Structures are given as C-alpha cells and as structure tokens.
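J.: Supplied in structure tokens, the structure appears directly below.
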Amino acid sequence: MFKIDSYDFTGKRAIIRVDFNVPLDAEGNVTDDTRIRAAIPTIKKVLEKGGSVILMSHLGRPKKNNDMKFSLEQIVPAIEKRLGVKVQFAGDCMGEKAAEMAAALKPGEVMLLENLRFYAEEEGKPRGLAEDATDEEKKAAKKALKEGPQKEFVKKLASYADCYINDAFGTAHRAHSSTALIADYFPNDKMFGYVMENELKAIDGVMENPQRPFCAIIGGSKVSTKITIIEKLMEKVDSIIIGGGMTYTFAAAQGGKVGNSICEPDMFPVALEILEKAKQKGIKLVMSPDALIADDFAQTANTDYAPANAIPDGWEGVDIGEEGKKLFREHILGCKTILWNGPVGVFEIDKFATGSRAVAEAIAEATQKGAYSLIGGGDSVACINKFGLADKVSYVSTGGGALLEYMEGKELPGVAAIRK
Ligand code: AMP
C-alpha cells in the first residue's frame, strides 16, 4: 500500500475523492467550508510534488442529472480561496470535455468534476423505476446497472488519472463507484489522503490502545440508533456516560415516570440488558440523576427541573439538570481518553443546550490536562462548533455513519479498497 508522503507524483494526474458535500445558502454560497479546508493538505501535497489534481465529490442528494442546485460549480470560488490555485470546472464528470480537460492538465493544475451523484452509476442505485415495481424488478434493475453502466462509469473516471487518492472519510462506509470500486483500476497507485490517514490513526488509537480510564459519552435521541455502538464500546471502555433522549428509555425501563419525554418501550429489554451487562463487566454507566424539563419543544417553553425518573405528565426531559452537569464534569475530568458521540440534550435550542455545553467544556478542560479526546458523529461536531471549542479537543472526526461503523468493527468499503 502506498503512502501519500512517499508516492512520486511527478508528472502524474491524481484523481482525488474528496468530501465536498458542504452546506450552501439560497444563493449557492458555501456557509461552512470545514470540509474544503480539510482536503487542502492532500491537494497541495500532490501539486508540490509535481502532479496535477482531478477532484471528484458528491453534493447533496440529486435525483437526476443537471439538477443545478446541486452543481459543484457553486463551490469553485470557495476551493480557490482556500487553495490559492485556479480550479478548472469540467461541467460534467463524464463526457468528452471532462476527458479532454483531464488529458490536458499540466503539473500544478487542478480541475473539478461535476457532482458524481448526477449519475445513478455513482451509488449503483437505479432510478426511474415504476412506483409499483416488485422486489424482483428492483433487484434486476440494480444488477443491470451494476454490470453495465456502473462498470463503464468507473472505468471512465479511472481513465482520467494515473493514481487514485481516497480522502473522503465521510463516505468511506459506502461501496460507491468513486469511494471504492475505482480503486481496482489502480492496484499499485492507490492511497489514502491525509484526512483519511488522520481519521484512521485517531480512531485506531482510541479503539486499540486507549489510555485509561477510557470513557465514552453517548448522547442523541434514541437507544435504537446507538445500541450497536454501545455494545461494541462495552468491550473497550471503563465507563459510559449516557445522555440525551436515551436517558428516558433507561429510566422508564426501570419503572420510572418520564412524562412526554422521548421513549422507546420496545427497547426496554435492550436497555435492561445493557444495565446488566455493564454490571457484569464492571463498566460504570453514568446517567444524570436530574433533568431539565420543558412543557414545549421550543425556546419559548416553560422549564423546570425534575428527577430523571419522575417527570410529571405534560413535561418532557430536554437536557441534563444541574446535578447531572456536575456529575458528568467530575467524571470526565477523571478520564484519560474521552470519546463523545451525540449531544446530551436538545442542543439546537439554546435554552436546552447548557448540558451539552457543560460536557463540551469539561472535555476541553480534560484535554488541556492531558487527556485524549475524540469527538465524532454529526451532531456532536455541530455541538462542539456551536460552543467554539473544536480547537480545544484532540480530534474532531469528519465522519458520522462512517465513524460509527468503523468503531463498531465493520470493514468500510472505502478503507478496504485501498488496503487490499
Ligand atoms: P443523534 O443523531 O442520535 O446523535 O441525535 C441527535 C439529536 O438528539 C439532536 O438533534 C438532539 O436534539 C436530540 N436530543 C438530545 N437529547 C434529546 C432529548 N432529551 N429529547 C429529544 N431529543 C434529544
């Protein structure tokens, strides 16, 4: 396997899968260029070493070709601003023009292909099926797409370049044309970019060789979406702080009253099993004894505090309470490795965000005292950014689903395609 640091890019065209799926405002301006900034070191490396760059990405979820509100042309100025190099736009990711532009690229030049998902071939998901299509018909359409047009699509993308770099961790859990299949065309010329290298190093470090005590803070809304990661983490951690909407499923499963709080009764057996397993394994489960409760899911709601297992009817738990903040903070400060996935309250509403802020601040403080902290999963990243603490933690992952699947021990197609 090649490393970007040791590969000789002299005179070579590198096709780089980046994650430029960035948020845009109504006028098509990039409102957060974190993902663009993240890809710059990889692009610069190729250029500095005498190569040229073909960038490819998806943007949003277009359902057809030429749906221009998903055009990557809109982000060209944002890339140029960060890269300081002119970016040629191909107008398509297939077709003669893209091929000609790629062939004409000179060392030091950069071009960007149009949104890969303008084509069903990128994801390998057929489009335009009749609404009443049977499962058989859907399967046949998928097979036909995979064996015909998708193969041609991958071959064409690969034909533009001499080497392939995957730097899109956020889509590494997808076996798409640009994230995995294309790697087969570059058996000796494929590698990870720096985003990928850093992500894998950070996560491997935490999962394989953590300094102890190792604590995972798992928040978010539902037990059902976090159960696999909680089970996996129980093999690795010394303690788990459980927060967010999940708290109330745990409370209700043990006979508590949770009012209108988010609650999943069908997860009661699972919640009880987690409690039992933690006890057997000697893993400390930390939950907030009190909750901030609200009579509405809005900034204008009336609020109060209640024990997390005695929430009055008509009220719902929307954040941890003051005792919870203190307890979580003290626990976090006692840890040497901290993994945070999911807010401990409805952080999008300021009035319900103080618990998540307290967690973020405690993680920053622990990090300053020498702990290693990894923040991952879309909402916790949004959270740490909202509180302006992203540069006070050890590592902020760019992956949501990819991060969770990797930590769960699943093989990510985008990672496997490079390593195999
Ligand atoms: P997840 O994607 O599972 O990490 O969930 C993140 C979402 O959980 C955020 O949008 C939060 O607003 C939400 N959340 C956190 N705590 C609660 C709560 N107590 N009640 C309802 N939603 C919550």
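J.: Applying 1/(1 + (r/R0)^6) with R0 = 41 Å to the Cβ-Cβ distance of Lys410 and Lys326, what FRET efficiency is obtained, to the nearest 0.05?
T.: Working: r = 36 Å, r/R0 = 0.89.
The pair Lys410/Lys326 has a calculated efficiency of 0.65.
J.: Direction-averaged shadow area of the convex hull around the Cα atoms of the stretch 170-276, nm²?
T.: Details: hull surface 37.8 nm².
For the stretch 170-276, averaging the hull's shadow over all directions gives 9.4 nm².
J.: I would also like to ask the following. Once every DSSP H run of n ≥ 4 in the chain is given -39500 (n - 2.57) and the sum is divided by its residues, what mean residue ellipticity at 222 nm do you get, rounded to the nearest 500 deg cm²/dmol?
T.: On the way: 15 runs with 159 residues, N = 420.
Here the helix-only value at 222 nm equals -11500 deg cm²/dmol.
J.: Let me ask another. Leaving out ligands, DNA and RNA, and with a 1.4 Å probe, what % of the accessible surface on the chain is carbon or sulfur?
T.: Values: 9110 of 18470 Å².
Answer for the chain is 49 percent, counting heavy atoms of protein chains only.
J.: Further question on the same structure: Subtract the Cα-Cα distance of Asp67 and Arg127 from 0.36 nm times their separation in residues, and report this length gain in nm to one decimal.
T.: Gain on stretching Asp67 to Arg127: 20.2 nm.
J.: Once you list every other residue whose beta carbon is under 14 Å from the beta carbon of Ile274, what net charge do they have if Lys and Arg are +1 and Asp and Glu are -1? Intermediate values should be presented prior to the final figure.
T.: Numbers: positive: Lys222, Lys226, Lys232, Lys277, Lys279, Lys281, Lys284; negative: Glu231, Glu235, Glu264, Glu273, Glu276.
Once positives and negatives cancel, what remains is +2.
J.: Can you give the extra length, in nm with one decimal, that the chain gains between Lys351 and Glu136 once fully stretched, where that is 0.36 nm per residue apart less the Cα-Cα distance?
T.: 72.4 nm
J.: Cysteines of the chain lacking any other cysteine beta carbon under 4.7 Å?
T.: Cys93, Cys163, Cys263, Cys383
J.: Can you tell me which aspartates and glutamates have their Cα less than 19 Å from the Cα of Lys156? Leave out same-chain residues fewer than eight positions away.
T.: Once the sequence-local aspartates and glutamates are set aside, what remains near Lys156 is Asp92, Glu96, Glu100, Glu114, Glu121, Glu122, Glu123, Glu147, Asp184, Asp189.
J.: Something else about it: Taking only protein heavy atoms and a 1.4 Å probe, what accessible area per residue, in Å², does the chain have with all protein chains in place? Numbers along the way, then the final one.
T.: Working: 18470 Å² over 420 residues.
Using a 1.4 Å probe on heavy atoms only, each residue of the chain averages 44 Å².
J.: Which of rounded, prolate or oblate describes the stretch 235-376 when judged by the alpha-carbon gyration tensor and an a/c cut-off of 1.5?
T.: Values: a/c = 2.22, a/b = 1.21, b/c = 1.83.
Oblate, since a/c reaches 1.5 and b/c is not below a/b.
J.: Please determine, in degrees from 0 to 90 and to the nearest 10, the orientation of helix 223-233 with respect to the longest principal axis defined by the Cα atoms of the chain, where the helix direction is its Cα long axis.
T.: Tilt of helix 223-233: around 80 degrees.
J.: If you take the charge dipole of the chain about its Cα centre, with +1 on Lys and Arg Cβ and -1 on Asp and Glu Cβ, which of Gly193, Ala364, Ser6 is farthest toward its positive end?
T.: Ser6
J.: Below 8 Å, C-alpha to C-alpha, sequence gap of six or more: please give me the relative contact order for the chain in percent. Walk me through the numbers on the way to the answer.
T.: Numbers: 868 pairs, mean separation 61.6, N = 420.
Dividing the mean separation by the residue count of the chain yields 15 percent.
J.: Enumerate the lysines that Lys3 could reach by cross-link, defined here as Cα to Cα under 18 Å, with residues fewer than 8 away along the same chain left out.
T.: Correct list for Lys3: Lys12, Lys44, Lys45, Lys49, Lys190, Lys201, Lys420.
J.: Can you check what the net charge comes to around Phe153, using other residues whose Cβ is under 9 Å from the Cβ of Phe153 (Lys, Arg +1; Asp, Glu -1)?
T.: Details: positive: Lys151, Lys155, Lys156; negative: Glu121, Glu122, Glu152.
Cβ neighbours under 9 Å give a net charge of 0.
J.: Give me the distance in nm between label points sitting 7 Å out from Cα along the Cα-to-Cβ direction at Asp266 and Ala144, one decimal.
T.: The answer from the label model is 3.5 nm.
J.: For Ala298 paired with Leu333, estimate the spin-label separation in nm (one decimal), with each label point 7 Å from Cα along the Cα-to-Cβ line.
T.: So the label points at Ala298 and Leu333 sit 3.9 nm apart.
J.: With the cut-off at 1.5 for a/c, could you classify the stretch 143-228 from its C-alpha gyration tensor as rounded, prolate or oblate? Before the final figure, lay out each step's value.
T.: Details: a/c = 3.89, a/b = 1.74, b/c = 2.23.
Oblate, since a/c reaches 1.5 and b/c is not below a/b.
J.: Still on this structure, I have one more. Suppose every Lys and Arg Cβ carries +1 and every Asp and Glu Cβ carries -1, with no other charges. What dipole size does the stretch 142-182 come out with about its Cα centre, to the nearest 20 debye? Mind showing how you got there, number by number?
T.: Values: 7 positive and 4 negative charges, 60 e Å.
The calculated dipole for the stretch 142-182 is roughly 280 debye.
J.: Counting Lys and Arg as +1 and Asp and Glu as -1, what is the net charge of the other residues whose Cβ lies under 13 Å from the Cβ of Met111?
T.: On the way: positive: Arg13, Lys86, Lys97, Lys106; negative: Glu73, Glu80, Asp92, Glu100, Glu109, Glu114.
That sum, taken over residues with Cβ under 13 Å, equals -2.
J.: Report the percentage of all Cα-Cα pairs in the chain whose separation exceeds 42 Å, rounded to a whole percent.
T.: Tail of the P(r) past 42 Å holds 22 percent of the pairs.
J.: So if each residue of separation counts as 0.36 nm, and I subtract the Cα-Cα distance between Glu276 and Asn385, what length gain in nm does that give? Don't skip to the end; give the middle numbers.
T.: Numbers: separation 109, 0.36 × 109 = 39.24 nm, distance 3.53 nm.
Computed gain between Glu276 and Asn385 is 35.7 nm.
J.: So if I average 1/r over every pair of distinct C-alpha atoms in the stretch 83-228 and take the inverse, what Kirkwood radius in Å does that give? Walk me through the numbers on the way to the answer.
T.: Numbers: mean 1/r = 0.0540 Å⁻¹.
18.5 Å is the Kirkwood radius here.
J.: Lys81 to Asn209: FRET efficiency via 1/(1 + (r/R0)^6), r the Cβ-Cβ distance, R0 30 Å, to the nearest 0.05? Show your work: numbers first, answer last.
T.: Numbers: r = 38 Å, r/R0 = 1.28.
Once rounded, the FRET efficiency stands at 0.20.
J.: Excluding same-chain residues fewer than 8 positions from Lys236, which aspartates and glutamates have a Cα within less than 16 Å of its Cα?
T.: Of all the aspartates and glutamates, those that pass the test against Lys236 - Cα under 16 Å, at least 8 places apart if same chain - are Asp204, Glu208, Glu405, Glu408.
The values are calculated or read from the model by the stated rules, or taken from the named source; none is laboratory data. Keep in mind the model is a prediction, meaning the values are calculated, not measured. Don't worry about glycine lacking a Cβ; one is built from the backbone with ideal geometry, like all the others, and counts go over all protein chains shown. To get the accessible areas, we keep the full protein, side chains included, count just its heavy atoms, and leave off ligands, DNA and RNA. Shrake-Rupley method; radii C 1.70, N 1.55, O 1.52, S 1.80 Å.
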